[in-house]
Amino acid sequence: MSDAPSPAATIRERVDLTDSLALFRFELENGIPDYAAGQYLTLGLPHPDKPGKILWRPYSISSPPERKDLMELYIRWARSPVPGKFTTLLWPLKIGDQLAYKDPKGAFSIEHQRPDGGPETRRMVLMGGGTGIAPFMAYIQHLRKLGTTRQIVVCHGASYVEELGYREELLEWQRESVACGRKGWDFHYLATVSRPKEPANAGWDGPGGRVESLVQPAADGGPSPAEVVVGERFTTANTSFYICGFDGTVQSVKAAVESRDFRTKKEAREDGGYDIKFESYG
Ligand SMILES: Cc1cc2nc3c(=O)[nH]c(=O)nc-3n(C[C@H](O)[C@H](O)[C@H](O)COP(=O)(O)OP(=O)(O)OC[C@H]3O[C@@H](n4cnc5c(N)ncnc54)[C@H](O)[C@@H]3O)c2cc1C
Ligand SMILES: NC(=O)c1ccc[n+]([C@@H]2O[C@H](COP(=O)([O-])OP(=O)(O)OC[C@H]3O[C@@H](n4cnc5c(N)ncnc54)[C@H](OP(=O)(O)O)[C@@H]3O)[C@@H](O)[C@H]2O)c1
């Protein structure tokens, strides 16, 4: 019997941003299935402690569903306080190495419809902490393909500048938006580093603080940095939030906007409407 995983995800490309943050691009044995932007792929490796068993972990897909050659994931090697079981096995793998996989799943997808069946047109504020930017890369590229006219505001926070993954693509999409006068493609990108005083962030002249600080009102109750950029206060009539990252990030973003009646699906209004979708680990 062959030891090859089945079905197999083969690493075809790997881009290391730092020694513990990388993009992996996989060829899938059964081809890339249809999936919704925002879903995750589950990867498996032989379990380090249980012979004959597979250790599975979910990873958000950062490539859009329209991409059918390779599927991209954005992964951190969890090293502290103890080496993560799965990512420590994944990190030494090279081009051509194979893992097992399970097809995409998950409900962290874009809401395209209002509860009354009409199209959802509110701006999307995408709040990503660290690798939590991954599902939003799939959203954005998918929405570009669809020719969306919804305003997209991406807020990305990382500890260090070098961990602001996808920064070049995000800046380019913002430049394109400016170049077309924000007609048709209305895209804003804000980035912040949460350890601004550390030497590795020397030279960063952007905002300091965790990603939630970009949507927290100013000390005097004035607009948040993201509201300043778009020139409008966020209300439930004009804005929906999508949050991905640590549970602390989800809770802090919710706390920043809940006084304005922004709600999750659990707290939906009588008509079924809500304004915040999130996915966190923990
Ligand atoms: C829907 C979903 C999507 C996800 N998408 C992504 C993604 O796109 N990119 C990404 O990088 N991750 C993503 N994750 C997280 C990913 O699934 C794994 O949880 C992550 O890679 C860590 O797995 P691991 O086996 O290496 O670490 P684990 O062994 O599971 O350990 C997890 C953490 O706990 C710590 N830990 C372990 N044991 C102990 C202990 N005894 N005491 C104290 N601390 C301990 C480890 O140091 C580590 O930081 C996602 C999670 C979910 C639920
Ligand atoms: N679809 C998903 O569910 C999905 C997808 C991708 C990632 N994730 C999860 O998202 C998290 C981010 O992972 P990462 O390794 O990329 O993060 P990271 O780089 O270690 O941290 C990213 C940012 O989050 C901040 N942060 C750290 N701990 C926090 C807390 N308890 N509350 C609020 N903010 C905190 C960091 O601030 P400091 O500099 O102050 O530490 C940093 O600004 C992980 O839990 C990961 O598993 C989930």
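With the requirement that a residue be away from ligand 2 (no atom under 16 Å from the Cβ) and touching a residue at least 40 places away in the same chain (Cβ under 8 Å), what does the stretch 68-94 give you?
Pass one, the stretch 68-94, residues away from ligand 2 (no atom under 16 Å from the Cβ): 68-70, 89, 92-94.
Within the stretch 68-94, ASP69, LEU70, LEU89, LEU93, LYS94 meet the criteria.
Please find, among PRO135, PRO196, the residue that is near ligand 2 (Cβ under 10 Å from one of its atoms) and surrounded by fewer than 18 Cβ atoms within 10 Å (Cβ to Cβ). Quick ask: steps written out before the conclusion?
Details: PRO135 fails: surrounded by fewer than 18 Cβ atoms within 10 Å (Cβ to Cβ).
Selected residue: PRO196, the only one of PRO135, PRO196 that is near ligand 2 (Cβ under 10 Å from one of its atoms) and surrounded by fewer than 18 Cβ atoms within 10 Å (Cβ to Cβ).
Can you tell which of TYR281, TYR242 is within 20 Å of the chain's Cα centre (by Cα) and surrounded by fewer than 18 Cβ atoms within 10 Å (Cβ to Cβ)?
Of the residues listed, the single one that is within 20 Å of the chain's Cα centre (by Cα) and surrounded by fewer than 18 Cβ atoms within 10 Å (Cβ to Cβ) is TYR281.
Would you mind finding the one in GLY157, GLY206, GLY184 that is more than 20 Å from ASP19 (Cβ to Cβ) and within 16 Å of ligand 1 (Cβ to nearest atom)?
Values: GLY206 fails: within 16 Å of ligand 1 (Cβ to nearest atom); GLY184 fails: within 16 Å of ligand 1 (Cβ to nearest atom).
Of GLY157, GLY206, GLY184, the one residue that is more than 20 Å from ASP19 (Cβ to Cβ) and within 16 Å of ligand 1 (Cβ to nearest atom) is GLY157.
Among residues belonging to the stretch 262-274 that are in contact with an Asp or Glu (Cβ under 8 Å, 6 or more places away or on another chain) and touching a residue at least 24 places away in the same chain (Cβ under 8 Å), point out the one that is nearest to THR239 (Cα to Cα).
Among those that are in contact with an Asp or Glu (Cβ under 8 Å, 6 or more places away or on another chain) and touching a residue at least 24 places away in the same chain (Cβ under 8 Å), it is PHE262.
If you go through the stretch 43-61 one residue at a time, do you hit one that is touching a strand residue (DSSP E or B) at 6+ places or on another chain (Cβ under 8 Å), on the phi > 0 side of the Ramachandran plot and in contact (Cβ under 8 Å) with a residue 12 or more places away in the chain?
No: zero hits.
Criterion first (under 18 Å from PHE86 (Cβ atoms), hydroxyl-bearing (Ser, Thr, Tyr) and modelled with pLDDT of 95 or more) does TYR59 satisfy it?
Working: under 18 Å from PHE86 (Cβ atoms): yes; hydroxyl-bearing (Ser, Thr, Tyr): yes; modelled with pLDDT of 95 or more: yes.
Spelling it out, TYR59 is indeed under 18 Å from PHE86 (Cβ atoms), hydroxyl-bearing (Ser, Thr, Tyr) and modelled with pLDDT of 95 or more.
Which ones in the stretch 139-159 are within 16 Å of ligand 2 (Cβ to nearest atom) and within 17 Å of VAL15 (Cβ to Cβ)?
Restricting attention to the stretch 139-159, the residues satisfying the condition of being within 16 Å of ligand 2 (Cβ to nearest atom) are 139-140, 142, 154-159.
The one that is within 16 Å of ligand 2 (Cβ to nearest atom) and within 17 Å of VAL15 (Cβ to Cβ): ALA158.
Among helices (runs of 4 or more DSSP H) lying entirely in the stretch 114-231, which contain 1 or more residues that are assigned by TED's automatic domain parsing to the domain that holds LEU23? Before you say what the answer is, go through the steps one by one.
Working: elements: 134-146, 167-179, 225-230.
Answer list for the stretch 114-231: none.
Which residue, of SER20, SER63, is buried (at least 17 other Cβ atoms within 10 Å of the Cβ), within 16 Å of ligand 2 (Cβ to nearest atom) and not assigned by TED's automatic domain parsing to the domain that holds GLY130?
Working: SER20 fails: buried (at least 17 other Cβ atoms within 10 Å of the Cβ).
None of the other options fit; the residue is SER63.
The values are calculated or read from the model by the stated rules, or taken from the named source; none is laboratory data. For clarity, every value in this text was computed on a predicted model and none was experimentally measured. Note that we place each Cβ from the backbone using ideal geometry, even for glycine, and neighbour counts take in every protein chain shown.
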